[in-house]
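Have a look at the structure below before the remarks.
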Amino acid sequence: MNKLLLIPFFIILTLFHKNGFCQDYTTELASHREKYKIETQGRFPGQLQDFYAENTKFRIEASYKKPRKPKTISVPTSGVKIKDYTEFAVVTFKIEGKKYKITTYRQSPVLPLYRNLVFVPFKDPTAPKDTYGGGRYMDMDVNDFKDGKVILDFNKAYNPYCAFSDGWNCPIPPKENHLNVKIEAGEKVPLTGH
């Protein structure tokens, strides 16, 4: 009899724990977006931003491998500059059962201000209708990558400065980071164009 009572208790405990995670994540994402909006408004006054609703389907536990001999690539930008990035890790993840890969990068050379930054430029079929045509970015930290696992959170995908104003040198996502799946998460095309 006692064993039968324990089963509903554990089910309820699991539901509360999961619900608590969802609430914590919702709060954390809202805080992240609010901070980002304030920074963007400071740089581009009057710009109105738009975001997809939070979608935990696009907060993905993924695996990664670091290359034995990381390549440094010269990435064209929307302007006249070329920027160099060194491969950091190739991340493998699934969306709706289908496997995808995305390459993460570090600036080359790594500037002190960005010593822990891992840069994830990507483009997907939501562009250019729903998201910025030049692609979007995610920023991660080197410490996010542990024991072959990492969380990819496309809800935190953001637009490059070029989405808000001309005259910037925004890195163009390399072909290997053109995903063949709609990433309906993160920042959308600005409500006020430039």
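Observations on the structure shown:
- The condition (being among the hydroxyl-bearing types (Ser, Thr, Tyr), under 25 Å from His178 (Cβ atoms) and modelled with pLDDT of 95 or more) is satisfied by just one residue among Tyr36, Tyr64: Tyr64.
- Within region 149-157, the presence of at least one residue that is among the basic types (Lys, Arg) and surrounded by 15 or more Cβ atoms within 10 Å (Cβ to Cβ) is confirmed.
- Restricting Pro45, Pro67 to residues that are touching a strand residue (DSSP E or B) at 6+ places or on another chain (Cβ under 9 Å), in a loop (DSSP other than H, G, I, E, B), exposed (fewer than 15 other Cβ atoms within 10 Å of the Cβ) and not hydroxyl-bearing (Ser, Thr, Tyr) narrows the list to Pro67.
- Consider region 96-124 and keep the residues that are at pLDDT 95 or above, out of contact with any Leu (no Cβ under 7 Å at 6 or more places or on another chain) and of a type in the set (Ser, Thr, Tyr). The one that is surrounded by the fewest Cβ atoms within 10 Å (Cβ to Cβ) is Thr103.
- Residue within region 84-95 that is touching a strand residue (DSSP E or B) at 6+ places or on another chain (Cβ under 9 Å), at pLDDT below 95 and closer than 21 Å to Tyr161 by Cβ present: no
- Residues being of a type outside the set (A, V, I, L, M) and either surrounded by 14 or more Cβ atoms within 10 Å (Cβ to Cβ) or touching a helix residue (DSSP H, G or I) at 6+ places or on another chain (Cβ under 9 Å) (or both) - total across region 20-40: 7
- The set of residues in region 70-95 being among the aliphatic types (A, V, I, L, M), surrounded by 15 or more Cβ atoms within 10 Å (Cβ to Cβ) and more than 16 Å from His178 (Cβ to Cβ) consists of Ala89 alone.
- Among the candidates Tyr105, Tyr114, Tyr132, residue that is touching a Ser or Thr at 6+ places or on another chain (Cβ under 7 Å), aromatic (Phe, Trp, Tyr) and over 12 Å from Leu179 (Cα atoms): Tyr105
The values are calculated or read from the model by the stated rules, or taken from the named source; none is laboratory data. All values derive from a computational prediction rather than experimental measurement. Quick reminder, even Gly has a Cβ in these numbers, built from the backbone with ideal geometry, and neighbours come from all protein chains shown.
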